[in-house]
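Notes follow the structure.
The values are calculated or read from the model by the stated rules, or taken from the named source; none is laboratory data. Keep in mind that this is a model prediction, so the values were computed, not measured. For neighbour counting, all protein chains shown are included, and Cβ atoms are generated from backbone atoms with ideal geometry for every residue, glycine included.
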Amino acid sequence: MKKLNSKNTYLLFITLFIGLNIINTYFLTIKHLNRYIEPFLHTFFGEINQILGNFVILFLLVLIFSLIFKKAKSRIKAMILTTLFLNVLVYALGLFNLFYGTAFSRKGLALFRNPADGFAFGVVLEILLELITYYRIVVFFPVITLTVLYILSDKVALSLFKPQLQLKRVLISLLALGSIFFFSLNNYSRLYQNNAPVQSMYSTFAVQNLGVYPYYLGQLFGINFTLDYEEILDIDNDEELISLVQSYNKNQESYINFFDGQTYSNRLMVDEAVDSLYVDPALSTSNDLTGILKDKNLVLIHLESLNQFLLDHPDIGENFAFLKDLFKESFVLNNVYTNVGMGVSSDGELSILSGLNPVGDETLYWEYNEMNYDLTSLVKYFNELNYYTEAIHGDKETFYNRDVVYPDMYTFDDFYSIEDFIEDGYIIEDGYLFNQIDNLVHDSPWVSDFYLADYVSEYGSTLASTVGQYFLFPITMMGHTPFDFDPYGSLRESDFPQYVDLIQNITLRYINYSKYYNDTIQRFFMDEFGNDQTLDDSVYVFYSDHGSGIKNGDLSILFDEPISSLEERRMLQQISVFLYVPSNDEYVDYGDYQIRKGMLTGEQDLVRSQVDVYRTIIELFDLPVEDDMYFGVHAMSKEPTFALDNRITDVILDDYIYSMRNRYAIYPENETVSIEFYDYILRYKILSDYILSEADLQTRINELIKDED
């Protein structure tokens with residue numbers, strides 16, 4: 001280094017500062033360098049544009065350092081410290097991709113409002129392990145390079161070297177940077193409107209085509225790129241709005257399905273349903289499935305992070321003995337997917353309870369503080385039928401702003417949270433003795449899901465004799481990443497010794513949780529001594545909110561075959577959903593235990609998602625929706641549909657999965673998605689976002705539909 005004079009050394013630092021920090025951003029935009037992202041199709045103009053955008057910000061920083069510091073040595077130190085900050089930023093943004101699969105936006109800060117008790121330490125540990133297990137240490141290569149270069153340089157000479165900064169050159173540089181930036185911004189706006197007119201795509205598209213540094217600098221100053229939904233959807237008046245809505249609305253006596261061209265209805269008949277459907281004559285002898293569950297209680301159970309692949313795996317699936325027996329007495333959706341966005345668990349609730357797709361890059365539950373949404377929901381419909389409605393959760397009431405959203409937006413009659421459990425005698429520090437025979441205690445910072453199940457059974461029996469019909473919404477918590485509170489031992493190696501040295505610890509903890517998932521579900525129907533605690537005259541609907549989020553390549557090891565990133569995402573978006581209508585007095589013997597005979601059984605192998613569950617509950621219970629719109633297809637019908645992941649914007653159909661960000665990213669690779677299919681689903685997504693862009697837009701649309709009739 002001493003062979004270079006001070007001027008050349010200084011210029012080398014500037015060149016490396018700009019060049020290395022631009023190259024580093026590719027860890028956030030190139031899939032070959034980051035398996036956790038799904039980028040857009042890379043284009044020549046997009047690449048040039050983001051390079052220009054990043055260059056402008058980095059060169060501007062050099063100018064600022066030059067104005068503040070006179071000595072080259074001080075400027076170089078400033079560049080090294082800034083590079084450290086930028087490298088940490090890239091590292092943190094990459095970790096956000098790990099957990100959420102899309103680029104970070106300022107709205108994602110709402111997630112940090114949630115209390116982190118119980119899983120913060122485990123998540124931090126996983127983050128630190130990522131430095132080693134997934135070569136993320138390389139994102140610090142720029143600061144390491146500059147630091148080494150500084151150590152090897154002639155620091156005395158650099159401290160004496162004071163590069164002159166002429167005002168004329170500064171002004172010319174600023175003018176040039178401004179021109180380049182406005183050219184880049186204008187080019188980006190054109191690219192965005194033409195290629196990604198969906199809000200949840202914005203952050204990923206921006207870092208890829210505008211540049212990481214200009215995008216996040218704009219986020220820092222609160223600059224947001226807004227979408228004109230009416231212009232994009234070509235809506236000029238209410239008539240055109242209703243025409244568009246009705247092309248997707250399934251609450252109609254007759255409508256034509258886009259995918260098969262067949263006519264369907266909001267009243268499904270038994271002889272039109274899947275062939276495997278069985279309806280017990282004691283439940284109904286009618287051919288009409290609408291209202292078949294009318295006047296029964298509903299227990300809608302939210303299962304935290306349960307992926308279907310656990311049940312499908314030949315070894316892991318053996319831990320689900322009870323659940324698979326229960327499936328024989330239930331109607332099971334074998335090919336169902338989550339609709340969540342950035343709000344994950346809360347978004348799963350949104351889709352199930354309101355039938356709407358979350359926007360994807362925000363958390364509606366927290367947005368509710370700023371925009372008081374007036375949305376239709378299962379809760380409101382059951383309230384209209386004089387059902388008692390209550391949500392029950394073993395975590396803090398403020399988690400996902402539930403203490404506000406549940407009573408105000410959904411209008412639950414009550415919300416019972418960990419604070420209420422503790423007030424009524426639950427001692428967190430003591431855990432829960434869930435098996436007195438073997439003296440097994442479940443210790444966790446939350447209320448044990450075993451106790452939650454026991455409580456629901458006891459409380460439901462009480463409600464039946466006091467208030468009459470009820471709708472309970474119990475929410476399990478234990479299966480939350482990083483899966484630390486398994487009562488049987490998180491990292492035990494006895495269950496799956498064949499994978500212990502091959503998969504990451506978080507994956508081992510998750511597959512070990514399979515026993516706990518099974519036993520928790522069993523607990524809703526029998527106590528620790530095997531006594532029946534199934535609720536009479538009730539319908540149980542179980543649904544997973546989302547998958548496990550394990551995107552580390554371990555699925556390929558578990559299934560002993562190479563799994564592409566798209567197929568991996570499909571598997572991680574596939575959840576478990578089933579409906580169980582137990583008889584009041586008939587039982588089926590399953591060896592070690594008995595299960596109440598299911599009165600509505602069968603299987604659905606076609607693609608379904610959480611919004612379809614919403615519609616299904618509405619029609620089976622004949623809820624008073626009148627002309628209110630809803631999307632989705634009936635879970636028991638033969639009608640084809642699609643599932644939409646609103647965060648990563650993947651689309652899953654019966655034959656393939658593709659990315660809305662790049663329709664050429666498709667699995668299996670020999671499939672193709674037509675322009676017609678792509679545009680139809682894209683417009684649906686934009687319409688869904690539009691509905692949630694205004695607090696009362698859904699209400700206004702429903703009123704317009706009613707007036708039209």
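Results, tabulated for the structure shown:
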{"item": "Residues of the stretch 670-686 classified as touching a residue at least 60 places away in the same chain (Cβ under 8 Å) and either of a type outside the set (A, V, I, L, M, F, W, C) or surrounded by 21 or more Cβ atoms within 10 Å (Cβ to Cβ) (or both), total", "result": "4"}
{"item": "Total residues in the stretch 565-586, condition in a helix (DSSP H, G or I), surrounded by fewer than 20 Cβ atoms within 10 Å (Cβ to Cβ) and among the acidic types (Asp, Glu)", "result": "1"}
{"item": "Hey, Ile503 part of a loop (DSSP other than H, G, I, E, B) and aliphatic (A, V, I, L, M) or not", "result": "yes"}
{"item": "Cβ-Cβ under 8 Å pairs, at least 6 apart or on other chains, the stretch 1-25 side more than 23 Å from Tyr91 (Cβ to Cβ), far side surrounded by 19 or more Cβ atoms within 10 Å (Cβ to Cβ) and at pLDDT 95 or above", "result": "Ile14/Met79"}
{"item": "Within the stretch 364-457, strands (runs of 3 or more DSSP E) holding 3 or more residues that are of a type outside the set (A, V, I, L, M, F, W, C)", "result": "388-393"}
{"item": "Within the stretch 241-265, considering residues that are surrounded by 14 or more Cβ atoms within 10 Å (Cβ to Cβ) and among the hydroxyl-bearing types (Ser, Thr, Tyr), the one nearest to the chain's Cα centre (by Cα)", "result": "Tyr248"}
{"item": "Residue match in the stretch 553-571 (condition: within 30 Å of Tyr470 (Cβ to Cβ) and either at pLDDT 95 or above or of a type in the set (Gly, Ala, Ser) (or both))", "result": "no"}
{"item": "Every pair of residues 6+ apart whose Cβ atoms lie under 7 Å, when the first sits in the stretch 544-560 and is more than 23 Å from Ile352 (Cβ to Cβ) while the second is crowded, with 19+ Cβ neighbours inside 10 Å and among the charged types (D, E, K, R)", "result": "Lys551/Glu568; Leu555/Glu568"}
{"item": "Residue selected from the stretch 5-25 under the condition over 18 Å from Phe141 (Cβ atoms) and of a type outside the set (A, V, I, L, M, F, W, C), by the criterion surrounded by the most Cβ atoms within 10 Å (Cβ to Cβ)", "result": "Thr9"}
{"item": "Total residues in the stretch 26-46, condition in contact with a strand residue (DSSP E or B) (Cβ under 8 Å, 6 or more places away or on another chain) and surrounded by fewer than 16 Cβ atoms within 10 Å (Cβ to Cβ)", "result": "1"}
{"item": "Leading residue by the ranking (nearest to the chain's Cα centre (by Cα)) among those in the stretch 647-694 that are within 20 Å of Val340 (Cβ to Cβ) and assigned to a loop (DSSP other than H, G, I, E, B)", "result": "Arg647"}
{"item": "Hits in the stretch 452-485 (condition: within 18 Å of His546 (Cβ to Cβ), modelled with pLDDT of 95 or more and not hydrophobic (A, V, I, L, M, F, W, C))", "result": "Pro474, Thr476"}
{"item": "Residue within the stretch 477-484 that is part of a helix (DSSP H, G or I), assigned by TED's automatic domain parsing to the domain that holds Ile316 and polar (S, T, N, Q) present", "result": "no"}
{"item": "All helices (runs of 4 or more DSSP H) inside the stretch 229-334 with 3 or more residues being at pLDDT 95 or above and of a type in the set (D, E, K, R)", "result": "238-246"}
{"item": "Cross-chain or 6+ apart pairs with Cβ under 9 Å, the stretch 412-423 first and crowded, with 21+ Cβ neighbours inside 10 Å and at pLDDT 95 or above, then in a strand (DSSP E or B) and among the polar types (S, T, N, Q)", "result": "Phe412/Thr389"}
{"item": "In the stretch 201-237, residue farthest from the chain's Cα centre (by Cα) [restricted to those that are of a type in the set (A, V, I, L, M, F, W, C) and exposed (fewer than 14 other Cβ atoms within 10 Å of the Cβ)]", "result": "Phe221"}
{"item": "Hey, Thr338 surrounded by fewer than 23 Cβ atoms within 10 Å (Cβ to Cβ) and closer than 23 Å to Ser637 by Cα or not", "result": "no"}
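Here's the yes/no breakdown for (1) surrounded by fewer than 21 Cβ atoms within 10 Å (Cβ to Cβ); (2) more than 29 Å from Tyr202 (Cα to Cα); (3) in contact with a helix residue (DSSP H, G or I) (Cβ under 8 Å, 6 or more places away or on another chain):
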| residue | (1), (2), (3) |
| --- | --- |
| Asp622 | yes, yes, no |
| Met636 | no, yes, yes |
| Pro640 | yes, yes, no |
| Asp645 | no, no, yes |
| Ile648 | no, no, yes |
| Ile652 | no, no, yes |
| Tyr656 | yes, no, no |
